[in-house]
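J.: Here it is, the structure in full.
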Amino acid sequence: MDATLLTQYVLAGLVIGAIYCLMAVGITFIYSVMKMINWAMGEFYMIGGYAQYLLLTDWLGPARWYLALPLAILGVGVLGMVVERVLLQPMFAGRLERLDEYATIMTISLTVLFRNLAVVVFGPYQFSPRDYAPPVQLGPLPINGSRFVAFLGAVVLLGLFQWVVRRTWFGLALRSVAQNRVGALCAGISLPRIDMLAFGIGVALAGAAGALLAPVFLVYPQSGALSTVKGFEIIVIGGLGSLPGSVVGGLLLGLVESLGSVLISPSFRDVYGFGLLLVILAFRPTGLWGERAREA
Amino acid sequence: MQRSIVAAMVAILIAGGTGAGIGWGATPGPLVLGVLTPLSPPGDPAAGQLIVRGAQLGEQYINTVMGGVFGPKTSCALPATPVTVAVEDDSGTPEKSVAGFRRLVTEEHAVGVFGAFHSSAMLATAPLADELGVPYISTQASAADITGKHFQAVFRTHPVDPDRAAAWLGFIQAQGWHKVAMLAENTDYGIGLAEATKTLIAQKKLNMTLDAVIFDRTSADLTPQLLKFKAEKPDIVLNVGVGTPAYLIIKQAHDIGLFPQTPMLASYDFPVRPEEYWKNLGPTGTSLTFISYFHPRMALSPLGKWAAVEYAKRFHSTAVYSNLNSFGDAMILAEAMNQACSRDPRRIIAQLERGRFDTWIGDGATFPRGTGVYWHQWSPPLVILQYTKQDETYDQAPILYPPALKTGTFEAAH
């Protein structure tokens with residue numbers, strides 16, 4: 001195979017992989033802090049897409065995409081905090097014994113609610129905001145401007161997220177809650193507030209992926225379904241609860257899908273990701289960066 | 001005594017297996033025409049919406065102009081009966097289509113069903129139509145197997161795969177192109193069209209090569225396949241996606257500089273919906289060629305003219321093929337009931353096989369037991385159009401093919 005073509009496939013895979021990472025990092029972050037799986041992540045991705053579409057086409061116009069993007073992310077984050085405060089926080093208030101089951105039922109219900117709300121508000125149609133950036137040449141790969149912005153946006157957001165988690169007092173509080181909720185409580189950290197913020201930030205990352213990808217892929221009520229599957233695939237590959245694992249898992253998945261679909265067959269694009277997952281689980285049952293845990 | 005009870009039970013069970021059990025014979029009030037069509041993704045909901053509108057127009061014509069089924073213009077000794085349309089969403093998926101068909105027949109007592117758009121959904125449902133003995137007309141599902149499998153209750157008023165393959169191969173030949181790339185979704189529609197095109201090239205010994213790549217319909221990123229095509233430098237790319245994938249192929253081919261430098265031909269008429277097409281693609285959509293089943297230069301039948309005028313009045317937009325063909329299917333079912341003087345679906349099926357029915361175009365549709373894919377098949381004409389400037393509507397687009405209707409020549413992108 002031509003080396004230029006192979007480089008193009010690799011670059012295309014890495015670009016899409018970086019965007020997958022956002023989704024996976026959001027899921028794994030919420031899990032790390034709150035010890036619950038948010039099954040409605042795809043719907044927050046979808047809401048981010050719709051928000052970006054409305055901002056770009058009706059409210060701000062394509063020229064102000066740099067304003068639309070943070071507004072869409074902020075909007076999804078605030079919605080996430082409201083959802084956490086109203087619907088999820090009661091389960092941490094000591095009245096419920098089966099937290100996992102409650103969280104699963106609640107977030108799956110949210111999936112149904114948000115999808116149907118999208119159908120009611122926007123109809124079942126597909127939408128796509130216009131491209132807001134000129135095409136870019138990334139080495140040998142000609143790339144759509146909006147997709148390049150999505151790639152850069154994903155890298156910047158992941159970097160920013162890593163900086164907040166590793167270098168700030170707020171990040172320290174988040175990490176302490178992730179390590180030991182009781183210990184963090186004893187140290188004077190307000191768990192309800194941290195949970196609310198963590199959930200808001202986690203879903204904002206999914207919303208960011210949706211908003212960044214709105215001009216690249218189409219926006220429709222079920223558009224989040226596939227990204228949820230990819231997100232969970234990545235966190236299992238990378239190791240549940242591991243942020244570096246999510247990043248590496250996302251890039252690996254993007255690469256495997258890109259190369260598999262041209263070197264083998266595009267009919268089985270999704271199978272390659274699951275194949276990778278099975279191989280990794282066979283050798284490292286906790287994922288690439290996962291650690292064995294014991295619960296009392 | 002015991003024997004008569006057993007006989008009565010057997011009679012009830014037999015009735016349960018026929019129309020009487022489902023309730024077509026006994027149901028008072030309007031006759032129900034079932035519309036089973038995609039109204040949500042992953043199907044093509046915009047197409048489904050247009051099909052529903054066409055069916056509503058059919059209901060209007062039957063109830064007002066015809067005075068109902070068995071109305072005064074027939075020789076049937078049955079009371080004139082109005083019709084009503086019951087709609088089910090199949091989402092373009094086999095499982096929802098099967099459930100929707102069953103619901104339309106057993107709960108709504110539909111005497112006939114139409115509106116199918118996605119081939120996989122219709123193919124999965126066809127055996128159920130046979131089992132229940134209720135006529136099921138494909139409004140816009142084109143996979144060869146739908147009629148090729150010779151289902152007793154299944155009919156089609158839409159071009160079949162070989163018709164479509166013949167049209168685009170004729171167009172490609174006329175352009176003097178030889179190297180054809182096809183990106184087809186992994187559905188019965190996509191795979192069927194790839195097979196039909198390959199077969200026709202071989203049968204006619206055309207001087208053409210076809211690189212058909214089948215992709216997973218749920219994939220959102222088709223860039224790697226399109227990069228491969230770009231490296232191969234084909235003369236034309238055939239876009240065989242339906243709904244979301246059809247748009248993604250255009251957008252992503254444009255992103256990597258494959259389209260419009262290399263011409264692209266879309267396999268069906270989604271670009272005729274300007275409010276969706278131009279809104280989603282903007283200038284990217286210019287230069288696309290696409291198959292359409294209707295253009296205002298085609299002569300409509302009196303029924304078609306009525307439908308076009310009433311559609312504009314009722315929905316404030318120009319009627320497109322999905323509207324007209326769905327309207328035509330409602331009319332065909334009503335005419336079959338009139339000709340058979342019966343509301344029994346099995347008699348309607350028998351009448352569909354032997355009658356001739358007015359529809360929106362041409363001099364009447366027939367559904368003989370033809371050979372191969374032409375079993376119960378009637379095909380309307382099809383044309384190939386090209387958008388040459390942004391925000392053009394399909395009635396302004398030049399017809400490139402067939403030569404008899406040609407109004408323009410292919411314009412390469414500058």
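Bear in mind that the values in this text are calculations on the coordinates, not laboratory data. Since the structure is predicted, the reported quantities are computational estimates derived from the model, not experimental observations. Please note: Cβ atoms are built from the backbone with ideal geometry, for glycine as well, and neighbour counts cover all protein chains shown.
J.: Can you give the extra length, in nm with one decimal, that the chain gains between residue B:177 and residue B:317 once fully stretched, where that is 0.36 nm per residue apart less the Cα-Cα distance?
T.: Between residue B:177 and residue B:317, full extension yields an extra 46.7 nm.
J.: Please give the length that would be gained between residue B:371 and residue B:341 if that part of the chain were fully extended, namely 0.36 nm times their separation in residues minus their C-alpha to C-alpha distance (nm, one decimal).
T.: Net length gain for the segment: 7.9 nm.
J.: Are there GluC sites (Glu not before Pro) in segment A:54-110 that DSSP marks as loop and that have at most 16 other Cβ atoms within 10 Å, and which are they?
T.: Here the sparse-neighbourhood loop sites are A:97.
J.: How big is the antiparallel share of DSSP beta bridges in the protein assembly as shown, given as a percent to the nearest 5?
T.: Roughly 30 percent of the beta bridges in the protein assembly as shown run antiparallel, per DSSP.
J.: Dipole size in debye (nearest 20) for segment B:108-223 around its Cα centre, Lys and Arg Cβ +1, Asp and Glu Cβ -1?
T.: 540 debye
J.: Charges on Cβ only, +1 for Lys and Arg, -1 for Asp and Glu, centred on the Cα centroid of chain B; of B:180, B:387, B:372, which one is farthest towards the dipole's positive end?
T.: B:372
J.: Evaluate the relative contact order of chain B (contact order divided by residue number), counting alpha-carbon pairs under 8 angstrom at least 6 apart; express in whole percent.
T.: Computed value for chain B: 17 percent relative contact order.
J.: Next question. What's the ranking of A:23-30, B:300-307, A:121-128, A:164-171 by average number of surrounding C-beta atoms within 10 Å, highest first?
T.: Listed from highest to lowest mean packing, they are A:23-30, A:121-128, B:300-307, A:164-171.
J.: Please report Rg over Rh for segment B:318-414, where both radii come from the alpha carbon positions and Rh follows the Kirkwood definition.
T.: Expressed as Rg/Rh, it is 1.13.
J.: For segment B:125-170, which trypsin sites (Lys or Arg not before Pro) are in a loop by DSSP, counting at most 15 other Cβ atoms within 10 Å?
T.: Working: sites: B:149, B:156, B:164; in loops: B:149.
Listed in order of number, the matching sites are B:149.
J.: Give me B:366, B:147 ranked fewest to most by other Cβ atoms within 10 Å of their Cβ, as a rough exposure proxy. Don't skip to the end; give the middle numbers.
T.: On the way: B:366 14, B:147 25.
Listing B:366, B:147 from fewest to most nearby Cβ atoms yields B:366, B:147.
J.: So, by mean Cβ neighbours within 10 angstrom, what's the order for A:256-264, B:135-143 with the highest one leading?
T.: With the highest mean Cβ count within 10 Å placed first, the list reads B:135-143, A:256-264.
J.: What percentages make up the Cα-Cα pair-distance distribution of chain A when the bins are 10 Å wide from 0?
T.: Result, from short to long distances: 7, 27, 35, 23, 7, 1, 0 percent.
J.: Also, I was wondering about something else. Based on alpha-carbon centroids, what's the gap between segment B:177-196 and segment A:204-274 in Å, whole number please?
T.: Using only Cα atoms to place each centre, the spacing works out to 27 Å.
J.: With only alpha-carbon pairs counted, each pair once and no self-pairs, how large is the Kirkwood hydrodynamic radius of segment A:1-139 in angstroms?
T.: 17.6 Å
J.: Right, another one. Regarding the protein assembly as shown, what is the average projected area of its C-alpha convex hull, in nm²?
T.: Quarter of the Cα hull surface area: 37.5 nm².
J.: Here's a follow-up. Cα-based Rg of chain B per 2.2 N^0.38 Å, rounded to two decimals?
T.: 1.02
J.: Between residue A:104 and residue B:107, how many nm apart are label points set 7 Å from Cα along the C-beta direction?
T.: Between residue A:104 and residue B:107, the simple spin-label model gives 2.9 nm.
J.: Using all C-alpha to C-alpha distances in segment B:55-135, build P(r) with 10 Å bins and read off the rounded percent in each one.
T.: 18, 41, 28, 13, 0
J.: Moving on. Taking 0.36 nm per intervening residue step and subtracting the Cα-Cα distance, what contour gain separates residue A:82 from residue A:186 on full extension? Working shown, then result.
T.: Values: separation 104, 0.36 × 104 = 37.44 nm, distance 2.59 nm.
Difference between extended and current length: 34.8 nm.
J.: Here's a follow-up. Using only DSSP helix segments of four residues or longer, with each worth -39500 (n - 2.57), what per-residue ellipticity at 222 nm results for the protein assembly as shown after dividing by its residue count and rounding to 500?
T.: Per the formula, -17500 deg cm²/dmol.
J.: Select from A:196, A:236, A:168 the residue farthest towards the positive end of the dipole of segment A:154-296; place +1 on Cβ of Lys and Arg, -1 on Cβ of Asp and Glu, and compute about the Cα centre.
T.: The listed residue farthest towards the positive side: A:168.
J.: Please determine, in degrees from 0 to 90 and to the nearest 10, the orientation of helix A:269-283 with respect to the longest principal axis defined by the Cα atoms of chain A, where the helix direction is its Cα long axis.
T.: Compared with the principal axis, the helix lies near 50 degrees.
J.: Determine the shape class of segment A:100-187: with a ≥ b ≥ c the square roots of the Cα gyration tensor eigenvalues, call it rounded for a/c under 1.5, and otherwise prolate if a/b is greater than b/c, oblate otherwise.
T.: oblate
J.: Averaged across the residues of A:118-127, what count of C-beta atoms belonging to other chains lies within 10 Å of each residue's C-beta?
T.: The per-residue average across the peptide is 5.
J.: Return a whole-number percent for the relative contact order of chain A, with Cα pairs under 8 Å and 6 or more residues apart as the contact set.
T.: It comes to 37 percent, rounded to a whole number.
J.: Something else: In the neighborhood of residue A:103, defined by Cβ-to-Cβ distances under 12 Å, what is the net charge if each Lys or Arg adds +1 and each Asp or Glu adds -1?
T.: -2
J.: Counting other beta carbons within 10 Å of each Cβ, put B:278, B:177 in order, fewest first.
T.: Lowest to highest Cβ neighbour count: B:177, B:278.
J.: Can you find, among A:256, B:125, B:246, the residue farthest towards the positive end of the dipole of the protein assembly as shown? Put +1 on the C-beta of Lys and Arg, -1 on that of Asp and Glu.
T.: Projecting each Cα onto the dipole axis, the largest value belongs to A:256.
J.: Would you please give the residues with an amide H less than 5 Å from that of residue B:155, counting only those at least 5 places away or on a separate chain, with H modeled from the backbone geometry?
T.: HN-HN under 5 Å from residue B:155: B:136, B:137, B:138.
J.: Taking a ≥ b ≥ c as the square roots of the Cα gyration tensor eigenvalues, with a/c under 1.5 meaning rounded and otherwise prolate when a/b beats b/c, else oblate, which class fits segment A:203-296?
T.: oblate
J.: Ok, one more. Enter the mean number of other protein chain beta carbons within 10 Å of the beta carbon of each residue in A:214-225, as an integer.
T.: Rounded to a whole number, the mean comes out at 4.
J.: Assuming R0 = 45 Å, what is the FRET efficiency of residue B:231 and residue B:78, from their Cβ-Cβ distance, to the nearest 0.05?
T.: For R0 = 45 Å, the calculated efficiency reads 0.10.
J.: Using amide H atoms built in the peptide plane, which far-off residues or other-chain residues are under 5 Å from residue B:264 H to H?
T.: For residue B:264, whose amide H was placed from the backbone, the distant partners under 5 Å are B:237, B:289.
J.: What's the Cα-based Rg to Rh of segment B:168-218, Rh via Kirkwood?
T.: Ratio of gyration radius to Kirkwood radius: 1.00.
J.: Under unit Cβ charges (Lys, Arg +1; Asp, Glu -1), what dipole magnitude, rounded to 20 debye, does segment B:332-414 have relative to its Cα centre? Don't jump to the answer; show the numbers that get you there.
T.: Values: 8 positive and 9 negative charges, 101 e Å.
With only Lys, Arg, Asp and Glu charged at Cβ, the dipole is about 480 debye.
J.: For segment B:95-218, treating each Cα as an identical point scatterer without solvent, what Debye log10 I(q)/I(0) comes out at q = 0.14 1/Å?
T.: Treating every Cα as an identical point scatterer, log10 I(q)/I(0) equals -0.64.
J.: How big is the dipole moment of chain A about its Cα centre under a simple scheme where the beta carbon of each Lys and Arg is +1, that of each Asp and Glu is -1, and everything else is neutral? Debye, nearest 20, please.
T.: 560 debye
J.: Which percent of Cα-Cα pairs in segment B:158-269 sits in each 10 Å bin, short to long?
T.: In whole percents, the pair-distance histogram is 15, 52, 31, 3.
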